[in-house]
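K.L.:
Below is one structure. I have some questions about it.
The values are calculated or read from the model by the stated rules, or taken from the named source; none is laboratory data. Because the structure is a prediction, the values reported are computed rather than measured. With ideal geometry, Cβ positions are generated from the backbone for all residues, glycine too; neighbour counts draw on all protein chains shown.
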Amino acid sequence: MDVERSSLCNCVVNFLLEENYVLTAFELLHELLDDGRDAQAIRLKDFFSDPAHFPPDQITRFNSLRVADPQSLLEEKEAIEEKLAISEYELRLAQEDISKLKIELQKKNEAHSVELSDSKADSTIRGRQEVHLEKGNASSDLGPLKDNERQDLNCAVKEYLLLAGYRLTAMTFYEEVTDQDLDVWPNSPACVSDALRHYYYQYLSSTTEAAEEKIAMIRLNESLLEANKKLNHEKESLLRNKDLADGQIGALTKSLETMQKEIKDKESLVQDLKKSWEHQRKELNDCRAEITALKMHIEGSRSNLYSVTNDVDPGQLQSSETYKEEIKLLQNEIETLKAKYVNASDHVEPIVTKEVSEKAEDKVVEIHEDILAHVSDARNAVVDNGDSRSLGTQTSGISMSKSEEVLHELSVVSTNNDNCMENKESLSKPSGQQLTEDNVLPVKADNPCDDEAVFGKGLGTIQILADALPKIVPYVLINHREELLPLIMCAIERHPDSGTRDSLTHTLFNLIKRPDEQQRRIIMDACVTLAKSVGEMRTETELLPQCWEQINHMYEERRLLVAQSCGELAEFVRPEIRDSLILSIVQQLIEDAATVVREAAVHNLAILLPLFPNTDKYYKVEEMMFQLICDPAGVVVETSMKELVPAVIKWGNKLDHVLRVLMSHILSSAQRCPPLSGVEGSVESHLRALGERERWNVDVLLKMLSELLPFVHQKAIETCPFSSVTQATGTMISTSVLELYAGGCIEWPAFEWIHVDCLPDLIQLACFLPQKEDNLRNRITKFLLAVSECFGNPYLTHIMLPVFLVAVGESADLGFFPSTIHSRIKGLKPKTILGERLATICVLPLLLAGVLGAPSKEEELVHFLRKLLVEGTKEESHSVNRYTEIVDAVRFFCTFEQHHGMIFNILWEMVVSSHISMKISAANLLKVIVPYTDSKVASTHILPALITLGSDPNLNVKYASIDAFGAVAQHFKNDIIVEKIRVQMDAFLEDGSHEATIAVIRALVVAVPLTTERLRDYILGRRSNYYEHVGLF
């Protein structure tokens, strides 16, 4: 549409110039320029600026004519006539609109015929263009125009000017065409809306310009058609891809639903298995109780046998024989029970996985039922034998030994169970005595049944203790409750009932409502001791569940107990529990709202890692480590740095992966921040506005990078391919090693990481930091100084310094780099003016303070600063922006106090220089250095330099020193300094210069809220004198 519009405009311009409608063309030129269509006005400009048509001498003579006196009257007359003409013209326009409405129906009927004529006209144009291109003739062969054709063309031009909005040109054209009435367009074949286009195609198609323009239009149309076809093809391809993706999404959705259903089924299976396990555990506890009762009956029977051994009557031998047979039957039953029970203990284990088959579950339940049946039968046999104790007087020594064997068999059965309460010694030797070689307990002559009575009473005592402790604990003073721990531990360890043990364990962990650190230590020591005694299975099933029930407790002291148990009790559970259940508990604890709980979780995670059986959960642990490193609490971060990070490095042995993830986190934390400015192409669009959270993350991650530097250095030394050289040089990287490394024959990735990955990433990070981010820049500087100290001066000179010199746009020697990485180092050099500004703002401070700021580079630092400040100022090669950026880089350099002496020596050289620009630079540098000095340095270095500059005859130097005096007044309240400032300000004001007065007021008004009362009164006292010069007060 724009192409056709331009073509019509060119057609009108050609027509007006060929028909010599100069006034109309001149008016059209002005309206085209006002409309911003300079491209269409080029030919008109060339025409009216051609000296052949408009001689300069005539134009000058016309411009020099004086205006006649009655000119004003003539202008008023012309204005009235113009208004009248406009009114008449608007009337004609209204009439034309009426006529257009009348012929609108006729146009609709002729639309089809017009389309046919267009196609014929296009074919005619192509033919004429081909003929024209063959002949190369630029003249028209149509001959002179007829009157009716001229009237049609004039009407068409008027119609175009009205439709294009060029009303003044249309009025001028109407007045210039005097021999024709353009108000009424005759009803001719040319009276259509696109008559002008017909004229352009038929009348001008034979000219060179028209042919070329038509060809260009045709080519453009063809290219647009091809582009349209290509877009349609791409659209069809995208639609096919969309259908394919929709099918894949549907398949994935179905697969996801199937997996979710399977997960739910497995979860329900796990719940069922857990319930079954609880049921089996309860049955097992009942079995234990039955066994304990069985032992007690046997002990009672044996004590009765001992009591009547010496009173055996010979007439009772027959009953004794019967009793021996019964004892033998009892022994056989107990042996059967032992076999069944040992078999059951091999299968009855806590269910800790989700993949347990129902067949195994049924088998375990069946075994338990068999055990209970046999235990019940054995107990009944013992009870029956106990009822026949009246025959005990007839037993002999042989029957007594048989009963002791029964007791011994029961002992063996009990010791084969891992979940048994009593250990082997307490069952087989309940009274603490040793068995003889014949498995017969020694009997005291005076009282042979004392030991057995003690054992029976011990079980009763445990029962009484277990019943009494929950009632006693609430009434004991909190500070003395830890004295009950031995009793609680004894009851937990020896009580036969699991429910009672669970209750006592609950009492142990809830002994004190909010235990302090010392009380938690006592409770946890008791838990460790108890875990050592009861073994892995009971620790997993009794101790840990009671502890972890308090993971969501309202008091953080209780949650601290949970965190401590994860690290200290992990040693007493099976390895597969440590990196699954315990690790998940720790992961939940690091999300706790309390800082002390997260800190304890960090400490115990570091203790837990060496106990893991393998490194399958490494990436999960690494993710937890970075989460804790970026914790908002400083104490959690500190603990993670000191304990967790070294533990992860030692356990996982994946330092390279940790370093890659670390640098990725550092850069992403800065990159996701919004830019300082949205103006594309500005320096601020590259700098990032860091939020508090992102600033904290970058800071702690850089601190972590510094903590990992010793590990990096150690790995670089250990993996050095030039072992003979490193053994001679120790832990430093010598020049000879670097020469061998530059040969590029052997790879050394652990060493290359610093200068190939780390330093470029830090430079990229620095280019995101605005000038106010001094803390982060300071952190990077300290890391660079640590690298130079760790790897040695040769590494600093030949590796680090060239990298940063290239990054700031300076030339550097890359001879100690392998040729394979030269391109990567050279890629750090800024390639645009914007890149050079970023390098000056962001990288130059690191070069000054972190690389050249090393103690061994003092001479090179002085040389570089002189080149930057003294020689650069003399040459006046820096722009204003670059000079400001250099001053800010030197300001950051001066935040390190050890460099003050060096910078003041260079500044004094600039102060006494004869160059005005150098003196002004010195004043500006002194102004930005002031906040980083103390009162002694200000008195001995800054004020003398400023007083010298303030007495300079050049006004620009003097005014620059006034601003620096204001900075000194703002930061120091020392009476001597304030007095020197006041005297110097009086000297400035005595000059009587208005500019000096303004400079003094602007410099001191900033210091009013911060300076001493004496200087404040001085400023306010002179206010009336300054008021007439400056309207600040």
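K.L.:
Do you know which residues across segment 468-499 are in contact with an Asp or Glu (Cβ under 9 Å, 6 or more places away or on another chain), crowded, with 19+ Cβ neighbours inside 10 Å and either outside the structural domain of L561 (by TED's automatic domain parsing) or of a type outside the set (D, E) (or both)?
P.N.:
I492, R494, P496, S498
K.L.:
Quick one: in segment 612-663, which of the residues that are over 17 Å from the mean Cα position of the chain (by Cα) and acidic (D, E) is nearest to I754 (Cα to Cα)?
P.N.:
D656
K.L.:
Got at least one residue in segment 909-917 being without any contact (Cβ under 8 Å) to a residue 24 or more places away in the chain and in a helix (DSSP H, G or I)?
P.N.:
No.
K.L.:
Checking the condition touching an Asp or Glu at 6+ places or on another chain (Cβ under 7 Å) and either part of a helix (DSSP H, G or I) or not basic (K, R) (or both), which residue from V562, V597, V586 passes?
P.N.:
V597
K.L.:
Also, I was wondering about something else. Which condition number does R521 fail, the rest of (1) surrounded by 15 or more Cβ atoms within 10 Å (Cβ to Cβ); (2) within 42 Å of the chain's Cα centre (by Cα); (3) modelled with pLDDT of 90 or more; (4) not β-branched (V, I, T) being met?
P.N.:
(1)
So that you can scan it fast, the table gives a plain yes or no per residue for (1) in contact with a Leu (Cβ under 9 Å, 6 or more places away or on another chain); (2) modelled with pLDDT under 80; (3) of a type in the set (V, I, T):
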| site | (1), (2), (3) |
| --- | --- |
| N14 | yes, no, no |
| F26 | yes, no, no |
| L65 | no, yes, no |
| I86 | no, no, yes |
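K.L.:
Given the condition of a type in the set (D, E, K, R), at pLDDT below 90 and surrounded by 14 or more Cβ atoms within 10 Å (Cβ to Cβ), answer yes or no: does some residue in segment 939-957 qualify?
P.N.:
Here is the first cut: in segment 939-957, the ones of a type in the set (D, E, K, R) are 952.
Retained after the next criterion (residues that are at pLDDT below 90): 952.
The next check asks that each one be surrounded by 14 or more Cβ atoms within 10 Å (Cβ to Cβ); those that pass are 952.
The answer is yes, given that some residue of segment 939-957 is of a type in the set (D, E, K, R), at pLDDT below 90 and surrounded by 14 or more Cβ atoms within 10 Å (Cβ to Cβ).
This table checks each residue for (1) farther than 18 Å from V806 by Cα; (2) part of a loop (DSSP other than H, G, I, E, B); (3) of a type in the set (G, A, S); (4) in contact with a Gly (Cβ under 8 Å, 6 or more places away or on another chain).
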{"site": "M732", "(1), (2), (3), (4)": "yes, yes, no, yes"}
{"site": "E739", "(1), (2), (3), (4)": "yes, no, no, no"}
{"site": "G744", "(1), (2), (3), (4)": "yes, yes, yes, no"}
{"site": "A750", "(1), (2), (3), (4)": "yes, no, yes, no"}
{"site": "L762", "(1), (2), (3), (4)": "no, no, no, no"}
{"site": "L769", "(1), (2), (3), (4)": "yes, yes, no, no"}
{"site": "N778", "(1), (2), (3), (4)": "yes, no, no, no"}
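K.L.:
Looking only at residues in segment 670-702 that are closer than 13 Å to F768 by Cα and part of a helix (DSSP H, G or I), which one is farthest from the chain's Cα centre (by Cα)?
P.N.:
So, considering only residues that are closer than 13 Å to F768 by Cα and part of a helix (DSSP H, G or I), the one farthest from the chain's Cα centre (by Cα) is V683.
K.L.:
Among what's in segment 710-734 and is polar (S, T, N, Q) and modelled with pLDDT under 90, pick the residue that is surrounded by the fewest Cβ atoms within 10 Å (Cβ to Cβ). Don't jump to the end; show me each part of the working.
P.N.:
Start the filter on segment 710-734 by keeping residues that are polar (S, T, N, Q), which leaves 714, 719, 723-724, 726-727, 729, 731, 734.
Narrowing further to those that are modelled with pLDDT under 90: 719, 723-724, 726-727, 729, 731, 734.
Numbers: T719: 13, S723: 11, S724: 7, T726: 19, Q727: 10, T729: 17, T731: 12, S734: 18.
Looking at residues that are polar (S, T, N, Q) and modelled with pLDDT under 90, I get S724.
K.L.:
Can you name the number of the only condition in (1) under 12 Å from A742 (Cβ atoms); (2) buried (at least 21 other Cβ atoms within 10 Å of the Cβ) that Y795 fails?
P.N.:
(1)
K.L.:
Let me ask you something else. Would you say E871 is in the same structural domain as L796 (by TED's automatic domain parsing) and closer than 19 Å to N778 by Cα?
P.N.:
no
K.L.:
Answer yes or no as to whether E638 is closer than 14 Å to A600 by Cα, touching a residue at least 40 places away in the same chain (Cβ under 8 Å), among the acidic types (D, E) and in a helix (DSSP H, G or I).
P.N.:
Criteria not met by E638.
K.L.:
Confirm whether A812 is surrounded by 15 or more Cβ atoms within 10 Å (Cβ to Cβ), aliphatic (A, V, I, L, M) and without any contact (Cβ under 8 Å) to a residue 12 or more places away in the chain. Let's see the steps before the verdict.
P.N.:
Working: surrounded by 15 or more Cβ atoms within 10 Å (Cβ to Cβ): yes; aliphatic (A, V, I, L, M): yes; without any contact (Cβ under 8 Å) to a residue 12 or more places away in the chain: yes.
So A812 passes the test.
K.L.:
I'm trying to understand the selection: among the residues of segment 753-781, which are surrounded by 19 or more Cβ atoms within 10 Å (Cβ to Cβ) and among the acidic types (D, E)?
P.N.:
Listed by number, the list holds a single entry, E773.
Yes or no, residue by residue, for (1) over 42 Å from the mean Cα position of the chain (by Cα); (2) aliphatic (A, V, I, L, M); (3) within 23 Å of Y618 (Cα to Cα); (4) not in a helix (DSSP H, G or I):
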position: I488; (1), (2), (3), (4): yes, yes, no, no
position: P496; (1), (2), (3), (4): yes, no, no, yes
position: G499; (1), (2), (3), (4): yes, no, no, no
position: L511; (1), (2), (3), (4): yes, yes, no, yes
position: V528; (1), (2), (3), (4): no, yes, no, no
position: T539; (1), (2), (3), (4): no, no, no, no
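K.L.:
Considering only segment 597-607, how many residues are over 11 Å from L560 (Cα atoms) and buried (at least 24 other Cβ atoms within 10 Å of the Cβ)?
P.N.:
So the count comes out to 2.
Residue by residue, here is whether (1) acidic (D, E); (2) in contact with a Gly (Cβ under 8 Å, 6 or more places away or on another chain); (3) under 23 Å from I1001 (Cβ atoms) holds:
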{"residue": "I916", "(1), (2), (3)": "no, no, no"}
{"residue": "I920", "(1), (2), (3)": "no, no, yes"}
{"residue": "V928", "(1), (2), (3)": "no, no, yes"}
{"residue": "H941", "(1), (2), (3)": "no, no, no"}
{"residue": "I962", "(1), (2), (3)": "no, yes, yes"}
{"residue": "I977", "(1), (2), (3)": "no, no, yes"}
